[in-house]
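Here's the structure, in structure tokens; my notes come after.
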Amino acid sequence: MNLAQRTFLITGATGGIGGALARALAERGARLRVHGRKAERMTALLKSLPGETRSLLGDLATSDGRAELVRFAASDGGVDAAVLNAAGGHFGLYASMQPAEIEQLLCTDLLAPMLLTHALLPQLSARPQGALVMIGSTLGQIGHPGFAAYGAAKGGLRTFAEALSRELGAQGPRLLWVSPRSTRTAMNSASARAMNAELNVAEDPPEAVAAAIVDALERDRPRVQMGLAEKVFVRLNAVIPALVDRAMSSKLATIQRHARNAQPQTQS
């Protein structure tokens with residue numbers, strides 16, 4: 001896909017990965033429409049992007065917020081591609097979560113991108129090089145303690161993306177599924193970062209994820225899994241999950257200790 005002069009919609013652009021991706025696409029000559037939730041972060045982002053970038057603030061967990069985004073995408077000639085990056089995170093013990101927290105996380109990370117995909121498909125399917133990018137997580141492919149609700153949301157999104165891609169075939173927009181490993185963004189709480197440091201879990205800068213997405217779009221790749229060790233671990237979990245069970249159990253006390261001290265996390 002030639003990115004120059006293509007119009008990209010990016011949700012959650014005020015987060016680490018979304019902002020890095022917006023800047024990377026702008027460097028390739030793409031036109032941008034960016035979405036976020038916080039005005040101060042959007043102001044800072046727009047200063048780093050071309051002057052013609054259009055922006056929208058809104059909460060995609062609400063029906064009104066999603067409807068406004070769809071209108072924003074369709075205005076002034078529409079968009080060629082959509083990157084559904086907006087998400088919330090959660091690290092902590094599942095038993096300590098409030099039911100409202102679980103509902104909010106599933107709405108933001110799973111239901112909202114599914115509903116947005118449904119609304120955006122007609123527009124993207126009509127484009128000669130229409131594309132839809134969904135941002136998942138390695139935690140959606142490996143059941144990791146401390147991330148039960150978040151992993152469930154991302155795991156559900158992965159299955160949805162895979163099924164939809166096969167359902168559309170050559171009739172719809174090309175679909176790119178991206179599965180980052182731990183990334184240094186504000187969505188990771190201090191407790192999650194402390195756990196990663198103690199367990200020597202590798203973390204990528206958001207610019208590395210953005211570069212991988214741009215490369216996959218330019219080379220027409222359908223899937224991206226960040227991290228060699230993570231690729232191996234995902235395959236092991238699919239084929240011999242008992243090995244992953246034992247690996248996780250040896251780290252469980254450390255994970256639980258950090259998870260008990262976890263604080264609420266931000267949304268991208």
Quiz prompt | helices (runs of 4 or more DSSP H) lying entirely in the range 197-265 (those with 1 or more residues that are more than 30 Å from E27 (Cα to Cα), open to solvent by 40 Å² or more (accessible area, probe 1.4 Å) and of a type in the set (S, T, Y)) | solution = 241-249
Quiz item: Taking the stated definitions as given, is G51 in contact with a helix residue (DSSP H, G or I) (Cβ under 6 Å, 6 or more places away or on another chain), surrounded by fewer than 24 Cβ atoms within 10 Å (Cβ to Cβ) and in a loop (DSSP other than H, G, I, E, B)?
Solution: no
Quiz prompt | Residue that is nearest to A119 (Cα to Cα), among those in the range 54-74 that are assigned to a loop (DSSP other than H, G, I, E, B) and open to solvent by less than 30 Å² (accessible area, probe 1.4 Å) | solution = L60
Quiz item: Which one is farthest from S182 (Cα to Cα) among residues in the range 2-14 that are open to solvent by less than 20 Å² (accessible area, probe 1.4 Å) and touching a helix residue (DSSP H, G or I) at 6+ places or on another chain (Cβ under 8 Å)?
Solution: L3
Quiz item: Across the range 178-196, what is the number of residues that are of a type in the set (A, V, I, L, M) and buried (at least 21 other Cβ atoms within 10 Å of the Cβ)?
Solution: 4
Exercise. Report yes if some residue within the range 235-249 is within 28 Å of A131 (Cα to Cα) and out of contact with any Pro (no Cβ under 6 Å at 6 or more places or on another chain); otherwise report no.
Key: yes
Practice problem: Return the residue satisfying two criteria in turn: it lies in the range 215-237 and is touching a residue at least 60 places away in the same chain (Cβ under 8 Å) and aliphatic (A, V, I, L, M), and of such residues it is farthest from A192 (Cα to Cα). | Solution: L217
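The values are calculated or read from the model by the stated rules, or taken from the named source; none is laboratory data. Worth saying up front: this structure is predicted, and the values here are computed from it rather than measured. Using ideal geometry, Cβ is built from the backbone for each residue, glycine included, and neighbour counts are taken over all protein chains shown. Just so you know, the surface numbers come from the protein's heavy atoms only, side chains and all, with ligands and any DNA or RNA stripped out. Shrake-Rupley method; radii C 1.70, N 1.55, O 1.52, S 1.80 Å.
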